[in-house]
Each structure stands twice: as C-alpha cells, then as structure tokens.
Amino acid sequence: MATVAELTKAHTTLRGPMVEHLERLVGSWGMLSDLCFSDLLLFVPVGADKDSDTPRFVIVGQVRPSTSQTLHRQDLVGHEIISESRPLVARAWQGGEIVEGEVVTENAEPARVQCIPVRWQGQLVAVLTRESPVSLGLVRRQPGELERIYVSVFERFARMIVAGDFPFGQDDLEIEEAPRVGDGALLLDDTGRVEYTSPNALNALHRMGINSNTDGMTLEELGVEGRAVKTAFATSSPVTVEIEGTNDVIVLLRCVPLIDGTTVTGALVLMRDVSDLRRRDRLILSKDAMIREIHHRVKNNLQTVSALLRLQARRVEDGPARLVLDEGERRIRAIARVHDVLSREVGEQVAFEEIVPELLRMGEEAASAVGRHVQFAVEGDPGVVSAQVATPLALVLTELLQNAGQHAFADEGTTDGHVRVEFANTTDQLDVRVADDGVGLAENFSIDGTRSLGLSIVRDLIRSQLSGSIDMSTGDKKGTVVAITIPLR
C-alpha cells in the first residue's frame, strides 16, 4: 500500500512540513478512530484542482476502529474522488469548518459522516472524515457513559485538528505496542484530576495494586507516578512512560493533552498492561545472554584444544605427521573463530566477512609450512549467514585454502602463487569461488572419487550440512577453480 508521502507527491502539491503533519496525523489516529467508534479517511485535494470550485480529492489514509464495526471493508487508499460524489468533503474544504450529514458511500451504503478540516500553521491542507453506518444511529438505546465520554473527547480532538493543534508538532509516531483506547483510558480535567475511568483502565489499576476510588483524584494521590501528566501539561505535548507497580505489573502510560487555544483543558491518559511483553523481552535477553556465554565457553575450549595441538606439533619433527597436526589445529581454530563471533553478536547470525581474514591467515600459514609464498585476496561480500551455515562454511574454506597453499604450486618450479576468493550473496543463496593460478587438477580428477581427507571433508560438508553443490575444474589458462553454491533459505 502506498504511503502518505508517496500519494501526496504523486497527486498533490503538498510538500515538506505539510506532508509531515499529515504523516503524524495518520501515525496517531488509531486513538481517534477508537474514540469515535468510526472509520477515518483522509482526503487531500488533487494538485491542479486545489483552488477549484469543484475540486477532486485523493484518499491518502484510512483507519478502522478497534472498538466498533467498520464501514469500509475495502481499501480506499489511493482512490480519487470528485466533489459531486463527496459534497460534504467539498463543503468542509471550501468553508474551512466542520460539516456533518449523511451520504451514500462508494460501496452504496448509507453512512453518517463528519468532515473535519485539517490545518497546518493556519493553512488548510486536508479534510478528515469520520464515517460510520447509519444503522448504528437507529439502535433504540441511549449511548452508555463510556460512549458519551469517548465521543466528547473525540470532538475536542476534532476542534484541535481544525485549529492546527493536533497532531502535535513534536509528537512521535505510535509504536507497535503503544496503548490504544480499548486497553484503558482515563480522562483528566484541567487540574489533572480524574473525571472518568474506563473499565479496562480500572482493571489495570487493580493489577497495579490500586483499589481506591479514582474520581476526583490525581494519579499521584492514587499511588501512580504523575511525572507524565505534569510534563504533558507543562509542555502541551504527549508523554509516554512505563510505570512498574506491585506484583511485577508494568503499565505503559501515554498522556495526551487536550488543548483549547493556548490552554491545556485536560488530558486523555491511555494505559496498557505490558507485563507479559516485558517478561518475554527479559526472557529473550536472558536466553540470548546464555547462548552467547555458551559460544564463548565453546570458543575457549576449542582454543585450548588448538593450543594443545600446537604444543604437540612442536615436539614432532618436520614431515607428514607435523603437517597433519597443523592441519587439524587450523580446522579447530576455524570453528573457534565462528564461536568467537557468535559470542559477541546478538542472535545466531554471523557477518561472515569477520571470519574470512582469519581463514586467509591460516591459508598463508599452510603455504609457509611447505616453503611457499602465496598471496590470498578476497572479492565481494559474503553477507550475513546463520550459525548453521557459518561453521561448516568456515571449515570448507579452511580446507580449500590450505589445499591451495600446500599443493596448487607443487610442480611450478616457483615458490610464488595467487589465490582469489570471490563471494556473491543474493539473500537466497551464497556463491563462493576459490581460484588459484597453480598447476591445476590431475587428469580425470573427480571430487566424488577423491581420496584426499581435506577434499572429502569439503565435499561432505557442502552436500550434507549445507545442502549445496560443488564443482572443481581447471581454469581457462591454468590453475584450479572451485565453485560452490549454498542455499540460504
């Protein structure tokens, strides 16, 4: 679905702060929709028709209430409307005042509509409509106290919208867990005392251990921290805080001031019990810390094993036995490097580029051990991979680089060589290419029939643990090219 900014840019002449004002309105109007038990639509005049007697409008926003049934089941955002089909919107736009009446909507359903001009710094920029089925008005009962209070609060916000006082210029957009009207609401008078408490707000206060009568009391007199209310009244802007009560109950409290001219005439306080969310967050943090500690201990243990192998290798004379111990030590060190990165990262994702330099150093060590000087280079970005991919991939690259450093240049008559590692991460798969300019593969070579322990490890890790594919071939001129494809999803 297109955003307010995209639609205003495509259809209207509104730019900059005016669009930001509309974005703030759309970002906070879930509260308004709940208060008036109605759908809300935001109409902006199409650019060329802005000053016309018969303007056209584009709908740039739509929200449905969580406290009542919706009127518009279809998505109307992006629809262009002519003034003849929405005469009340056109009247509100041309007159700059709130207009009410009944219309037949786009889906041929009768609706009761209230059109509210939206101003920014004295300039009319849009029309907000409150729309509900006419059938709701035919129910033969008097609205309850909650409904009367909520609608009266909405009317106060409507007057603030007309005056350009809402949304607030410094208001932050609502976060996903921000309280909504249905979670619990308190209405405060101009002195910060409670005029009305919704049943859900009363339940939240009871869970916090507050059972006294709320009418005429301030939050502080009830035993609730009143810093948010004081700040909202003093700054004429909304304030959101978390309050912790008894029994480990945590309530998210948002105080929205109600303004008439330059005077704060009261406030709407929304409350949401977020205790379960915070317990979940703490549990996630605790588990994450525990997992990272496990990775840290595994890394330390692997480094101990690696150190023991190095000590053992030093007691062995140069020859095949020492090379085998060195290769084993480097394999363990590669796995330890993965756990080292995981012990410092949140989650089980690894930026593999942090591991690659250590693997190149191991390749250089393997080449130096047999008296060769090989230059290793990297191209591309391996991106972020899961721990299940990072560990076997680190082992695979360790084996390939060791193999290239020790065997690719054996018959060249020179001690110098080059190895290049290329990465391409497309999110869906990771392509790895390891190429050297050495002697190339033996005639009729097949990785399926190889008797090399290192290449057998590479083949089995790629096919079994990584569910990928590997192809080894001689380069265009000389050397060996290893192409690996690993699915990431």
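Every number in this text was worked out from the coordinates using simple rules, so none of it is lab data. Keep in mind that this is a model prediction, so the values were computed, not measured. Here the Cβ is made from the backbone with ideal geometry for all residues, glycine too, and neighbour counts use every protein chain on show.
Laid out as a table, the results:
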item: Cβ-defined net charge surrounding ARG159, 12 Å radius [Lys, Arg +1; Asp, Glu -1]; result: -2
item: Check: the chain dipole with +1 on Lys, Arg Cβ and -1 on Asp, Glu Cβ, in debye; result: 740
item: Cα-based helix-to-principal-axis angle, 17-28 vs the chain, degrees rounded to 10; result: 90
item: Local net charge near THR398, Cβ-Cβ under 10 Å (Lys/Arg +1, Asp/Glu -1); result: +1
item: Candidate lysines - alpha carbon under 28 Å from LYS230, same-chain residues fewer than 8 apart omitted; result: none
item: Positive-pole candidate from SER446, ILE484, HIS418, dipole of segment 278-487, charges at beta carbon; result: ILE484
item: MRE, 222 nm, helices only [DSSP H, n ≥ 4, -39500 (n - 2.57), over the chain, to nearest 500]; result: -12000 deg cm²/dmol
item: Relative packing of 394-400, 292-298, 454-460, which averages over residues the other C-beta atoms within 10 Å, highest first; result: 394-400, 454-460, 292-298
item: Cβ-Cβ FRET estimate between THR191 and SER212, R0 fixed at 22 Å, reported to 0.05; result: 0.75
item: For segment 202-278: rounded, prolate or oblate by the Cα gyration tensor [a/c cutoff 1.5]; result: prolate
item: Reach of LYS9 by Cα under 19 Å, taken over lysines that are not fewer than 8 positions away in the same chain; result: LYS50
item: Net charge dipole size for segment 4-163 [Lys, Arg +1 and Asp, Glu -1 on Cβ; Debye, nearest 20]; result: 300
item: Only Lys, Arg (+1) and Asp, Glu (-1) charged, at Cβ; segment 278-487 dipole about Cα centre in debye; result: 1180
item: Rounded to 10°, Cα long-axis angle of helix 387-407 versus longest principal axis of the chain; result: 30
item: Percentage relative contact order, segment 282-408, counting C-alpha pairs under 8 Å, at least six apart; result: 27
item: Cα long-axis angle, helix 356-369 against the chain (0 to 90 degrees, to the nearest 10); result: 0
